[in-house]
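Enquirer: Dropping a structure here in structure tokens format, bear with me for questions.
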Amino acid sequence: MAILETHNMAVGYGQGKRRKALIANLNLALEQGSMVALLGMNGAGKSTLIRALTCDTQPIEGELLINGNNATTISKKEISRLIALVATERIMGGGFTIWELVALGRHPHTGLLGRLSSHDREVVDKCLDDVGITHLAHQHVASLSDGERQKAMIAKALAQQTPIIVLDEPTAFLDVASRIECMRLLHKLAREQSKAVLLSSHDISQSLLLADELWVITRERNLITGTTEQVVMSGAMNKVFDNASIVFNSNLCDYEAQLPVVGSVKLSCNDLRLRRCMVNALLRNGVAINEDSHITLRVNDINDITTSTGHIIHNIKDIATLFQ
Amino acid sequence: MIAALVTLSIACLLIGSVHIDASVVFGILRGHDSGNQAWDIIVTQSRLPMIATAILAGAALSVSGLLLQTTFNNPLAGPSILGVSTGAGLGVAIVMLAMGGTIGGVFGETVGSYMATLLGGLVGAAVVLVILIAFASIVKSSTMLLIIGILVSYLASSVISLLNSVASEQGLHSYVAWGFGNFAGVSLQQLPVFASIIILALAASLLMIKPLNALLLGTRYAQNLGVNTHSTRNLLLVITGVLTAVVTAFCGPIGFVGLVVPHIARLALGTAEHGKLLPATMLTGAVVALLCSLLSVISPHGIIPINAITPIIGVPIIIYIIINRRRINYFN
């Protein structure tokens, strides 16, 4: 059974008669043990949807069920034991040590004064270990890199011991290495600890690689859901952006700009890595790859590029002159 | 810190504008008759209440500063900077003038009159806090909120000045004296009321340690940890208002203690975790207030106003913190 479901839910702004639905007819299901990536362009309503799913705001229509119970009947305290949140914003609280920060995740389980039992302490230690930041336990939050901070926040979310973890663009401010590491970690946690992980992201290639399911908000504000493969094969990925010159390349599993092209060549190159580089270099300079082209470009090495028409290409920037 | 507290308390007992021998002071404390009635009165009715007042007022102002800094997520917040003290002062001034009495050391002949003064202070502080809450939801920038606090403070000061222009000469004189700041304003008879309100409010602040820690992560995370951020913030501001108003009504608007002491405590502890920080702030506040109190009586030329001493201690610390804010972890 899904741990979190929505029935005909609509999310948006405002209340009463002035309310405006941003995304409607949401019938979603989040399962434990799998990671879902929520994709969509800026302003599509990713954060609005996440706020509603984390019970931060009320849905303006329909209902949200968590663990089979209507969310409106669940107390805030109870929700903090069901859903753990990791937000985009850099957190304040630089004066906490990492251990203290992660221990805040125990709040829903401690009493009025927040005193930690030995069990709570063990949980904190284990969460630090699961995320791989035990060695940072006694450093201050302020001394960490953005990637380490975000890992600490994931450890905090784990310490809440909730079945659901929701992350609102957790990797937005991270460099590529931390981004990949962060996504892998979340995928691992979903699998090994049977968490239901929902994250919104702009990182398409990592999402396609690691998410079990995609929830894609299209430019018409429809939400398309399915396994990652189903969604990619359905062509839904091309319905995300307004800009017609941004197209989804399913070979690359990422978006690319459709650049103006002045001509095309057939590419002959045995080294796959070099071939990949050459495709980009040619596209950047206005030349497409077409197996039927009457010009063949032979690439033996970056510095050894010749054409079937007898030209030697010394500088790839000059490739367009072939078509003038 | 506890050692410093004890040492300073003893020093405050022994040192004062009237010289009394240490052995005589301890004799009086043990209940012996010193043979000099004036000395008995000085020790039991002036120095003892003054020490208790300084300890409580220092702790109260410091905790009030810490709560404001966490609530507004602003390291430069404090009861005097945000205008809470001035608001309380305005309330006190209105009540005193309305009653035709005077503000300061001589106020409160009857329980009713100083209760009214206290109420005036509370209402004044509450009004400023409500204004701050209202602006806090409109202006997101914490610097702007500080500036609004300062503006509110100026406004309250100007109203106080207007009131003073219609006040009697005696009223004006005691108002000016009150404005200097003074831990001697609480008599032995008033001390139980003063102490019980402050101890209650400090105890209430200790119950807020858990939500305070959550608030340091920002409201969204705090809500996700099960904290009702709205009611928590209101409760914190009520505690702040009570602490500031009571101290201001009795001791005058004492600046800098509330702003600086939480920073001293953070620097000393190396953590922003309120479970450790809040008690440390109370203790440090008491020590700093006692130190100011001692410095105010140490001069042979008479009593120096508390508000002449607090900036001398406070300003260098604030400047140090501003200059080193990149190095000091709790700013980021």
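Only the coordinates and a few stated rules stand behind these numbers; no lab work does. In this text the structure is predicted, and so the values were computed from the model without any measurement. Glycine gets a Cβ as well: all are built from the backbone with ideal geometry, and neighbour counts include every protein chain shown.
Enquirer: If you count, for every residue in A:257-265, the Cβ atoms of partner chains within 10 Å of its Cβ, what is the mean?
Expert: If you average over the peptide's residues, the count of other-chain Cβ atoms is 0.
Enquirer: Let me ask something else. Using Cα pairs under 8 angstrom and six or more residues apart, how large is the relative contact order of the range B:11-102, in percent?
Expert: Rounded, it is 15 percent for the range B:11-102.
Enquirer: If you take the alpha carbon radius of gyration of the range B:2-331 and divide it by 2.2 N^0.38 Å, what ratio comes out, to two decimals?
Expert: The reported ratio for this selection is 0.99.
Enquirer: State the Cα centre-to-centre distance between the range B:287-332 and the range A:119-137 in whole Å.
Expert: 40 Å
Enquirer: Here is a further query. Of A:LYS76/A:LYS195; A:LYS77/A:LYS156; A:LYS76/A:LYS188; A:LYS17/A:LYS239, which sit over 23 Å apart, Cα to Cα?
Expert: Checking Cα-Cα distances, A:LYS76/A:LYS188; A:LYS17/A:LYS239 exceed 23 Å.
Enquirer: Hey, what's the per residue convex hull volume over the C-alpha atoms of the range A:4-249, in cubic angstrom?
Expert: Spelled out: Cα convex hull of the range A:4-249, divided by residues, is 135 Å³.
Enquirer: Count the net charge of all other residues whose Cβ sits under 9 Å from the Cβ of A:HIS109, scoring Lys and Arg as +1 and Asp and Glu as -1.
Expert: +1
Enquirer: Oh, and also: Any aspartates and glutamates with Cα under 16 Å of the B:LYS276 Cα? List them, leaving off those in the same chain fewer than 8 positions away.
Expert: A:GLU100
Enquirer: Turning to a different aspect of this structure: Under a 10 Å cutoff between Cα atoms, tell me which one of B:GLY179, B:GLY218, B:GLY78 has the largest fluctuation in the Gaussian network model of chain B.
Expert: Most flexible of the set in this elastic network: B:GLY218.
Enquirer: Could you list B:TYR154, B:TYR175, A:TYR255, B:TYR330 so that the one with the fewest beta carbons within 10 Å of its beta carbon is first and the one with the most is last?
Expert: B:TYR154, A:TYR255, B:TYR175, B:TYR330
Enquirer: Using a 10 Å cut-off around each Cβ of peptide B:227-236, what is the average number of partner chain Cβ atoms that fall inside?
Expert: 1
Enquirer: Quick check on the protein assembly as shown: what does the Kirkwood estimate of hydrodynamic radius come out to from the alpha carbon pairs, in Å?
Expert: Here the Kirkwood hydrodynamic radius works out to 29.1 Å.
Enquirer: Angle between the Cα long axis of helix B:111-138 and the longest principal axis of chain B, 0 to 90 degrees, nearest 10?
Expert: 20 degrees
Enquirer: Next up: Among B:LEU278, B:LEU290, B:LEU151, which one shows the biggest mean-square fluctuation in a GNM of chain B, springs joining Cα atoms closer than 10 Å?
Expert: B:LEU151
Enquirer: Could you give the angle, 0 to 90 degrees to the nearest 10, between helix B:257-269's Cα long axis and the longest principal axis of the Cα atoms of chain B?
Expert: 70 degrees
Enquirer: Using the number of other C-beta atoms within 10 angstrom as an exposure proxy, rank A:LYS126, A:LYS17 with the fewest first.
Expert: Going from sparsest to densest Cβ surroundings: A:LYS17, A:LYS126.
Enquirer: Now for a separate question. With both bridge residues required to lie in the protein assembly as shown, what share of the DSSP beta bridges run antiparallel, to the nearest 5%?
Expert: Bridges in the protein assembly as shown that DSSP calls antiparallel: roughly 55 percent.
Enquirer: Here's something else I'd like to know. Looking only at other chains, what is the average number of their beta-carbon atoms within 10 angstrom of each beta-carbon in A:149-162?
Expert: 1
Enquirer: In a GNM of chain A with a 10 Å cut-off on Cα contacts, which of A:THR307, A:THR134, A:THR110 has the highest mean-square fluctuation?
Expert: Maximum fluctuation in the GNM of chain A, among the listed residues, is at A:THR307.
Enquirer: Can I ask one more? How much of the DSSP bridge set in the range A:4-249 is antiparallel, in percent, rounded to the nearest 5?
Expert: Approximately 55 percent, going by the DSSP bridge assignments.
Enquirer: Let me ask something else. Between beta-carbons, use under 11 Å as the cut-off and find the net charge around B:ILE209, counting Lys and Arg +1, Asp and Glu -1.
Expert: +2
Enquirer: Hey, another quick one. When only C-alpha pairs under 8 Å and at least 6 residues apart count, what is the relative contact order of the range A:263-323, in percent?
Expert: Answer for the range A:263-323 is 36 percent.
Enquirer: Please state the relative contact order of chain B as a whole percent: Cα pairs under 8 Å, 6+ residues apart?
Expert: Once normalised by length, the contact order is 31 percent.
Enquirer: Find out how many positive minus negative residues lie around A:LYS266, taking Lys and Arg as positive, Asp and Glu as negative, among other residues whose Cβ is under 11 Å from that of A:LYS266.
Expert: Its environment carries a net charge of -1.
Enquirer: Give me A:VAL102, B:VAL238 ranked fewest to most by other Cβ atoms within 10 Å of their Cβ, as a rough exposure proxy.
Expert: Listing A:VAL102, B:VAL238 from fewest to most nearby Cβ atoms yields B:VAL238, A:VAL102.
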